[in-house]
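Before any comments, here is the structure.
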Amino acid sequence: MIDYDAIVIGGGINGIAAASMLSSKGKSVVIIEQQSELGGMAAHKREGPTAAHLLWNLNPKVIKDLGLGSISFDDLTSVDTICVCESGNHIRVKNSGAFYLDGRVVDTDGSFRKLTNRLSRYGVLLKKLAENAPFGTDDKLNSTQDILRLLRFGLSLKLLGKSQMRKFLQDILMNVSDFLLDDLPDGPLAGLLSADATRGQFSGPRNPGTVFNLVYRYGHGCELTRPTKGMENFFELLVNAIKKLNVDVKTHVRAEKIVIEEDAVKGVELADGTTVFSNTVLCSSGLNSMKKMVGISYLDIEDSRSIKNLRTMGTTAKVNLKLSKLPIFENIKGPINDCRFIVAPSVDYVDNAFNSCKYGHFSQTPVSESVFTFRQSEFWLSSIIQFVPSKLEGGWNEAAREHLKQVLVHSLSAFIPSLNELIVDFEVITPNDFAEDLGVEGGNWHHSEMSLDQIFNLRPTPRFSAYRAGPKGLYLCGSSSHPGGDIMGLSGRNAAIRVLRNTK
Amino acid sequence: MEAKKSFDAIVVGAGHNGLVAGAYLARAGMEVLIVEKNDWIGGAAVSRSLNEGWTYSNCSYVCSLFRREIARDLELPKYGLQIIPYEGGASFTRDGNYLAYYSDHYALRREISRFSARDADAYQRYATAVMRQCRFIRPFLLRNAPDPTSVRPRDLSEMAFLIKRGYELGTKELQDTMRFWTMSIGDFLDEHFENDLLKAHLAGSGIIGTGLGVYSPGTAYVLLHHYMGDIDGGIGAWGFARGGMGAISEALENSFKHHNGRLQKGSGIDQFIIKNGKVKGVALENGDEFYAPLVISNMDVKRTFLNHVKTEALPEDFKKAVKRFKIRGSSAKLNISLKGFPKFPSAPQNASFLRGDMHCTESLLELEKAYDQWKAGEWSANPYVDMLIPSQIDPTMAPKGDHMMTVFVQYAPYELKVGNSRSAEHWTAERCKALSESVLDQISIACPNIRSHIEHMEVRSPLEIEKEVGLTEGNIFQGELTFDQLFFNRPIPGYSDYSSPVKGLYICGSSTHPGGGVMGAPGANAARTILQTQSKNMHMTGYAS
Ligand SMILES: Cc1cc2nc3c(=O)[nH]c(=O)nc-3n(C[C@H](O)[C@H](O)[C@H](O)COP(=O)(O)OP(=O)(O)OC[C@H]3O[C@@H](n4cnc5c(N)ncnc54)[C@H](O)[C@@H]3O)c2cc1C
Ligand SMILES: Cc1cc2nc3c(=O)[nH]c(=O)nc-3n(C[C@H](O)[C@H](O)[C@H](O)COP(=O)(O)OP(=O)(O)OC[C@H]3O[C@@H](n4cnc5c(N)ncnc54)[C@H](O)[C@@H]3O)c2cc1C
Ligand SMILES: Cc1cc2nc3c(=O)[nH]c(=O)nc-3n(C[C@H](O)[C@H](O)[C@H](O)COP(=O)(O)OP(=O)(O)OC[C@H]3O[C@@H](n4cnc5c(N)ncnc54)[C@H](O)[C@@H]3O)c2cc1C
């Protein structure tokens, strides 16, 4: 007995992307989501705004699958970056140009622009890799296609020209600190890029391989946008779109167990006691939750060990400050909510903040990215703080939360001196909160660390890199699969393509 | 008699790689001159007597990486080289315990189970994994790295070899290999073991000589770099060169001279003589000039091109790439003349592991903190020490009854931070003394009486190593071993074939593939490349060809 052609566990961006792909190819699909709304980690919220506040890498192919076509792009507003400096000489970065707030150019020799151009060139290359399953994971049948793809990628490398190609092959392996400081003085611009490279990561700017993360972040050409009507509205759009595609959605119900018979998936048992039957299950939760749902007796011992060894330390917290009124910024032209505010005055500062995290503390001088959000008649300042360990020494009690908020407010007061008086309410959402609410170990931004030993064919583990895991019919479609996290949707899309191919 | 001025080839620097390159070229029939700035040879593979009766291996101190193919080709045993393996080692703890490391599999298993039965089992898996990586990498050491952007037959055939080796591994092993190469040693050990002391003991090899911490990606490779050698086929085993590491250089010198090589010591080169984009010879600091159509530099890539080549002779891009090459000083060293043999109270009398490498670090976090201090421009308050007393096995190192101790110290920055300024100039005599006190404190964990046995001590800061050996920043590998600076990226993308934009000018030091350590491979690879491309009637013969 079969209820659906496929069941998707988890309705985050990747679950949505997978479901829409399958459904647009005529499959009947249901999404099972334990939260009351779809959107997953990105849309996670308590009283205040959602966890994610910006769109880095939203993939046009995903949007197209959803049948949203071009309309959604009218709904996006591009966002400028303000680098907050203690000296008061804040810098605005707009379309890879950098200016002081009074309009003077910062980047007088153009080296920042050159650097960001180089990054977007690399981004184009990586994007091609992101839009497909990793090389070498194809089953025998399709390996010629795989080789062709490899050749095509080789060609696009070659087309960079000899010297650019050499540079690429070195740059992509470097640590972001060296990469930046070779061309830029250490200061707010280098700080900004090193913060962007390490956001969501358990690695500091001096860790080899972090240039890859920076390229990943700028994968779609250094363009940074936010949904004009807010993140909640954006996810509403997506939900309406999948409903139009006839995807069934069950929210507020946990998938407890993946039913397996004779080493093949038969369906999913839900917390309400019902079972949904299907021969194909795509799971977008963290791998550890997947392991629990499958039961270790159905996994190879080597796979169980790889899952245990997966590095999933979460390092991002969200602090939402509810303000009595908007502070006034005389120097900032244009709407204040079209900017993000970065506190990362130098690479050294970012590296220092990371150091604390290694030993189970958060830094007293944190790296943060903040945006102003208006909801109904409320004003929120919503911040992502980097290098906040899920495994905090002493645990995440009320005092620790309060302390994290104070540390943030203090570091922002260089920019908003009156901030403390404006706060009427606040909430601190720790990596552990994300982990508990979402079934994502450690509350990691990408579900598992994006380091060179956990990407491409090695993502999430070498044996699972073809989106397949364990018993027949079980697929992985969350961020822990290639290419990884952000509101991007490619992990889900790639997984769905794999399902379609295998069930043809 | 007018001294000879013209040669077929000149090697600049008598470090072991320069000597290897010189010896191969001389064997092939070239007239070769080696010029060395110091009054002695060997570079960082040197033995000197700074305190009468005692011999120090002043820089490098243990041998394993040296390619046996080279030792055979150049007949080093015939010219006096003997490598004596040592077995085992230990890590001592503050509370009077220790973990001993034995090369005997069963003894090691028993010892590890004293701390954790689970880890004793895991060690099997760990050793297999590391050994597999060693086997994979070893054939690449005596080959050139292909330039992936080039379609020259040489590069294509090396590329084909690489792909073939990778393909032979099969998908799973290839993925494991890729993972291993990009991992941190801390994560790799955490995957296998639960005991902190064991992890700390094994992790040392992943950070020696590098400006990286145990949790920095790429350090698993650095560990491999220390394990991929062998002694008489015992992969991963280490030993002492009888007479100190200088014995390797001496044997090389003898082999070189036997084939009519000429060595000129005591004056370094001032400039490479370059005309119309071609190298013509070298001009020494003492005013002498020597000429040859081939000049091979044993100095690191920065020193070679930024200090001794006129800047007009090099394209801008190349100079920029050389400037970007990372050579970071992160190590210091103590060489100690001991009166008598100091007591190690926690170890049994005459324990075999006292003849091996000893450490006093108890956890990976302690190592990571040591690294953080280095990043901040300080030397580590609790440094990682790798100490050995070779005179127990090699009696030539110290008077009878007395001993020589070599202590390698990780981390010490080149640019020391004092107040708000960072500069190598801060390495004054007092600060070297203070550094040695920190190190002796650390050693006291294992050997509380160490201070009362000290007869003489040489303290080597990164600055001092740089000044004497010419290793930029005192970096022991002539350049960081991070993956952006390995294989075809070493030293400069596009120049991994030992050549340079100046015709006839080559480099053969540890800045080149496959990198640092007393290995000889860069020298041999450079010699082979030169003979292949520059000479029609001379060939490299032997195992390394
Ligand atoms: C603080 C923070 C801020 C961020 N900000 C941004 C940003 O500004 N821009 C950006 O692009 N990215 C941002 N990200 C990253 C982004 O949110 C994630 O990478 C992305 O949402 C991951 O999507 P996903 O679909 O793979 O997984 P998720 O969104 O985690 O989806 C997994 C879903 O599965 C559900 N689930 C798990 N187990 C079960 C079960 N047993 N039964 C039923 N349902 C289950 C979970 O409830 C969840 O909804 C941020 C992340 C964090 C933590
Ligand atoms: C403290 C320390 C401990 C180490 N321990 C070990 C170890 O235990 N085991 C191991 O395998 N490796 C060890 N190493 C690393 C190893 O010693 C080096 O990587 C290796 O010796 C480098 O050899 P090389 O021939 O490439 O260069 P070098 O030895 O640096 O040779 C360069 C030569 O060029 C000469 N020179 C410089 N400038 C000029 C000039 N202007 N004109 C003429 N000549 C010049 C120098 O005097 C020197 O002789 C250690 C290194 C150090 C510093
Ligand atoms: C980290 C490391 C440090 C080393 N240090 C030293 C050293 O200090 N001194 C030294 O002389 N050699 C040392 N060795 C080398 C090692 O002892 C052997 O030389 C090496 O195992 C080569 O044997 P093989 O090539 O025959 O490998 P194999 O025999 O193929 O070994 C493969 C596997 O068999 C296991 N194995 C080996 N012997 C036994 C045994 N008797 N019983 C059960 N299992 C066994 C190994 O652990 C490994 O898992 C070291 C090796 C490693 C990896």
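The values are calculated or read from the model by the stated rules, or taken from the named source; none is laboratory data. As the structure is a computational prediction, the values presented were derived from the model and not from experiment. No Cβ is skipped: glycine too gets one built from the backbone with ideal geometry, and neighbour counts run over all protein chains shown. Only protein heavy atoms, including side chains, enter the accessible area calculation; ligands, DNA and RNA are left aside. Shrake-Rupley method; radii C 1.70, N 1.55, O 1.52, S 1.80 Å.
Solvent exposure of region B:476-534, expressed per residue, is 17 Å² of accessible area, with all protein chains present and a 1.4 angstrom probe.
Counting Cβ atoms of other protein chains within 10 Å of each residue's Cβ and taking the mean over peptide B:476-486 gives 3. With the largest listed first and rounded to whole Å, the semi-axes of the equivalent ellipsoid of region A:140-195 from the Cα gyration tensor are 34, 14, 8.
Only protein heavy atoms count here, probed at 1.4 Å, and on that basis chains B and A bury about 3400 Å² of accessible area in total. Adding -39500 (n - 2.57) for every DSSP H run of four residues or longer, then dividing by how many residues chain B holds, sets the calculated 222 nm ellipticity at -11000 deg cm²/dmol. Heavy-atom accessible area with a 1.4 Å probe sorts B:Phe290, A:Phe456, largest first, into A:Phe456, B:Phe290. Neighbouring Cβ atoms from other chains, within 10 Å of the Cβ of residues in A:346-353, number 1 on average. From largest to smallest, the equivalent ellipsoid semi-axes obtained for region B:177-219 from the alpha-carbon gyration tensor read 16, 14, 7 Å. When you work out D = kT/(6 pi eta Rh) for the protein assembly as shown at 10 °C and 1.306 mPa s, using the Kirkwood radius from C-alpha pairs as Rh and the Stokes-Einstein form, the result is 52 µm²/s. Heavy-atom accessible surface of region B:328-474, averaged per residue, reaches 36 Å², computed with a 1.4 Å probe. With all pairs of different C-alpha atoms in the average, the Kirkwood value for the hydrodynamic radius of region B:328-474 is 15.9 Å.
State log₁₀ I(q)/I(0) for region A:410-504 at q = 0.11, 0.12, 0.18 Å⁻¹ as given by the Debye formula over alpha-carbon point scatterers of equal weight, solvent excluded. Each listed q maps to, in turn, -0.48, -0.53, -0.85.
Roll a 1.4 angstrom probe over the protein heavy atoms and tell me the percent of accessible area of region A:156-285 that is carbon or sulfur. The C+S portion of the solvent-accessible surface of region A:156-285 is 49 percent. Dimensions of chain B from C-alpha coordinates, computed as largest minus smallest value along each principal axis and given longest first, are 67, 57, 53 Å. The share of accessible area on region A:448-491 that comes from carbon and sulfur is 52 percent, using a 1.4 angstrom probe. Note on region B:1-118: Kirkwood radius taken over Cα pairs, Stokes-Einstein applied at 10 °C and 1.306 mPa s, translational D equal to 86 µm² s⁻¹. If you take all other residues with their beta carbon under 13 Å from the beta carbon of B:Ser331, and give Lys and Arg +1 and Asp and Glu -1, the sum is -2. Taken over the alpha carbons of chain A as equal point scatterers, the Debye sum produces base-10 log I(q)/I(0) values at 0.06, 0.10, 0.13 Å⁻¹ of -0.26, -0.75, -1.29.
On a per residue basis, region B:104-236 carries 39 Å² of accessible surface, using protein heavy atoms and a 1.4 Å probe. Among B:105-112, A:383-390, the peptide with the highest mean count of other Cβ atoms within 10 Å heads the list, and the full ranking is A:383-390, B:105-112. For region A:355-487, the alpha carbon convex hull comes to 153 Å³ per residue, rounded to a whole number. Ligands, DNA and RNA aside, B:His513 has an accessible area near 10 Å² when probed at 1.4 Å.
Could you give log10 I(q)/I(0) at q = 0.11 Å⁻¹ for region A:238-380, computed by the Debye formula over C-alpha point scatterers of equal weight, without solvent? The calculated log intensity ratios at q = 0.11 Å⁻¹ are -0.80.
Where the alpha-carbon atoms of region B:137-230 are placed on the principal axes, they occupy 49, 29, 26 Å, in descending order. Legend: mean number of C-beta atoms from other chains within 10 angstrom of residue C-beta atoms, peptide B:490-496, equals 3.
Taking Cβ atoms as reference points and 12 Å as the exclusive limit, the residues near A:Phe202 contribute a net charge of +2, counting Lys and Arg as +1 and Asp and Glu as -1.
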